[in-house]
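The values are calculated or read from the model by the stated rules, or taken from the named source; none is laboratory data. All values reported here derive from a predicted model rather than from experimental measurement. Cβ placement follows ideal geometry from the backbone for every residue including glycine, while neighbour counts extend to all protein chains displayed. Note: accessible area is taken over every heavy atom of the protein model, side chains too, but ligands, DNA and RNA are not part of it. Shrake-Rupley method; radii C 1.70, N 1.55, O 1.52, S 1.80 Å.
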Amino acid sequence: MLKRYGVIAVWALVFIGLLVWLGSLVVRVSGEIEQYGEQLRDDRPWHISQLQIEMERMKGSLDLYLLDPSPEHRGRAVLHTEIFWSRAKLLNEGDTGDYVEKYDTQLHQQIQGILNYLRAHEDHIYEMSPAYAQELWQRLNNWIEAFQYRIVRLSEDGYRAAVERSHMVQSTYNSIRTILISLGTMGFVAVTLLLYAYYRNRRLRVAAEQANRIQADFLANMSHEIRTPLNGIIGTIQLLRDSDSISERNSLIATLAHSSEALLAQINDVLDYSRLESGRQHIDAQAFDVMELVGTSVQVFSAQAQSKGIELRFHEPDRSHAWVLSDDAKIRQILLNLVGNAIKFTDRGRVDVFLDVTSEDDFLAVTLTVRDTGIGIPDDKQDLLFKPFSQGDTTTSRRFGGTGLGLAISRQLAELLGGRIELDSKVGVGSEFRLLLELPRTEQAKRLESDESEAEEAPLKLSGRVLVAEDNAVNQTIARRMLEKTGLRVDIAENGHEVLAACRDHRYDLIFMDVQMPELDGLEAARRLRLRSYPAPIVALTANATLESRQACIEAGMVDFISKPFRYTGLRAVLQRHLTNRQEV
């Protein structure tokens, strides 16, 4: 298909070139046929002689200006240069230009070179410094000398060629008209095909560029957004390793849990990036306590601030709770970006986080302020910060890293929530970012703490044998320990072939199947087990949490779906659904 369109495009271009040439020839012949010979005889030599006269006048004015560079002489030099320029244009345009181009190519190129030079040095001409006047004087002498060798031959040959051409055009005019009528019909078809191919290729190119841009934005966004909570996780683990206090460990474990939840929320947002691009992002409103949200979000950065020797403080308002109905994940994402940036760009001093909550009818006016003593931002760079992939300057990017997406995403999310972000900053003093939101107030929601609910539930005791198909050693260990906690016997398979072999030798009560495994993936393994009528239910265990992936698992014969990272409560619910006949509480 590409070859076919290439041939069509070449044919269409050649055809259009011929059509334009023939059309211009007919138009020119019809107007020139009676006047051409006489006009050439009288007008061409006159134009050339006037050009020579203007050369001499221009030379004289330049001589005066070089001898006495006064404003008066400078203006005269500029004036004569403009007149010379106009004369050169007359010689290179219209009928005169056609004649010169046809019968004396070298002269035509010389005139064109003069015009090109004048256009390129237009600013210098009107400034007309003495240095440039000297340069122009030298070039003018070269032009005068060159014209002296061609003026006579141009006049004589021009008249003779004009007469001959007049007779020739007259005899071919009728033939050209017939050809144009025929080519006009063909041209319509050719142009139609050409436009179709052009716009089709353009649409494909735009679609490809948009796809590449979306992919690049997606990768940059993922890299940026997972780093902030991941820093909290790594730092908390380091503090947990060195802690001897049980209360401190419990606090660090809680921070680790909150950081993990924040990381999971960021990954989910990145996976939904296509909705941001298409403008289909929506608010997932839930009841939550703003004070608790801000407090836990700030606590994520405790380890990172401590490692840099920076004081990080959260100044709570004078109230116990502030329950609102909004999208807590998006607000948390904004907070993580603002606080994370404050710590990243502060080498010494402190980072203060202030929360101000004011009641207004059915709303709470929430103002979150993040103030640091960092490097500060110049006034002319502040707007640039909120554009994608931008930072204050290139040295900041090299020193602190990052893709420059955080603040752009934060502003977009703030506007989606009906709020805005404000910035005040001074170089060398620090920066202050303010998130202003009006959130609907709500009643305190019933809280379900996962750790407490798990502790209060009676231990789940089961009997039976399950198979876990998973190629990652860490995930194998986690799944095995969670399942053995319920009393189940656990076998491990690292790929689809091992699954089929294990099911041939043993009868399992339940199979957890990873979708992406080496050699033979989980989908194909599930299909083959169903062809064998293997009775055990198969539960998908995968990091791909899209609706398309879930549907593919169901079509392959799986009966349930757990997305990674999975919690014990989710695994427990699956076990209760599919092994109730073996449950012993």
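Checking each residue in the stretch 283-297 for being buried (at least 21 other Cβ atoms within 10 Å of the Cβ) and within 17 Å of ASP352 (Cβ to Cβ) picks out VAL294, SER297.
When you look at GLU72, is it more than 30 Å from LEU19 (Cα to Cα), among the acidic types (Asp, Glu), open to solvent by 80 Å² or more (accessible area, probe 1.4 Å) and modelled with pLDDT of 85 or more, yes or no?
Working: more than 30 Å from LEU19 (Cα to Cα): yes; among the acidic types (Asp, Glu): yes; open to solvent by 80 Å² or more (accessible area, probe 1.4 Å): yes; modelled with pLDDT of 85 or more: yes.
Criteria met by GLU72.
Being open to solvent by 40 Å² or more (accessible area, probe 1.4 Å), within 30 Å of PRO440 (Cβ to Cβ) and part of a helix (DSSP H, G or I) is the filter here, so list the residues in the stretch 304-329 that pass it. Within the stretch 304-329, ASP328 is the sole residue that qualifies. Can you confirm whether the stretch 312-324 contains a residue that is at pLDDT 85 or above and closer than 19 Å to ALA257 by Cα? For the stretch 312-324, residues at pLDDT 85 or above and closer than 19 Å to ALA257 by Cα: absent. Among the candidates LEU66, LEU62, the residue that is of a type in the set (A, V, I, L, M), under 17 Å from ASN142 (Cβ atoms) and open to solvent by 30 Å² or more (accessible area, probe 1.4 Å) is uniquely LEU66. Pairs meeting the criteria (first residue in the stretch 344-372 and closer than 16 Å to GLN299 by Cβ and at pLDDT 90 or above, second residue open to solvent by 70 Å² or more (accessible area, probe 1.4 Å) and not in a strand (DSSP E or B), beta carbons under 6 Å, at least 6 apart or on different chains) are lacking. Among LEU467, LEU520, which is the only one that is outside any loop (DSSP other than H, G, I, E, B) and either among the acidic types (Asp, Glu) or touching a residue at least 24 places away in the same chain (Cβ under 8 Å) (or both)? After ruling out the rest, the residue left standing is LEU467. Right, VAL206: at pLDDT 65 or above and either surrounded by 13 or more Cβ atoms within 10 Å (Cβ to Cβ) or touching a Pro at 6+ places or on another chain (Cβ under 8 Å) (or both) or not? So VAL206 fails the test. GLU555 falls short on exactly one of the conditions (1) open to solvent by 20 Å² or more (accessible area, probe 1.4 Å); (2) closer than 22 Å to ILE478 by Cα, and that condition is (2). The numbered conditions (1) modelled with pLDDT of 80 or more; (2) surrounded by 15 or more Cβ atoms within 10 Å (Cβ to Cβ) are all true for ASN92 except (1).
Filter the stretch 465-480 down to residues that are surrounded by fewer than 17 Cβ atoms within 10 Å (Cβ to Cβ), at pLDDT below 90 and either more than 20 Å from MET517 (Cβ to Cβ) or small (Gly, Ala, Ser) (or both), then give me how many there are.
Narrowing the stretch 465-480 to residues surrounded by fewer than 17 Cβ atoms within 10 Å (Cβ to Cβ): 465, 472-474, 477.
Filter once more, keeping what is at pLDDT below 90: 472-474, 477.
After this cut, where a residue has to be either more than 20 Å from MET517 (Cβ to Cβ) or small (Gly, Ala, Ser) (or both) as well, the list is 473.
Number satisfying all stated conditions: 1.
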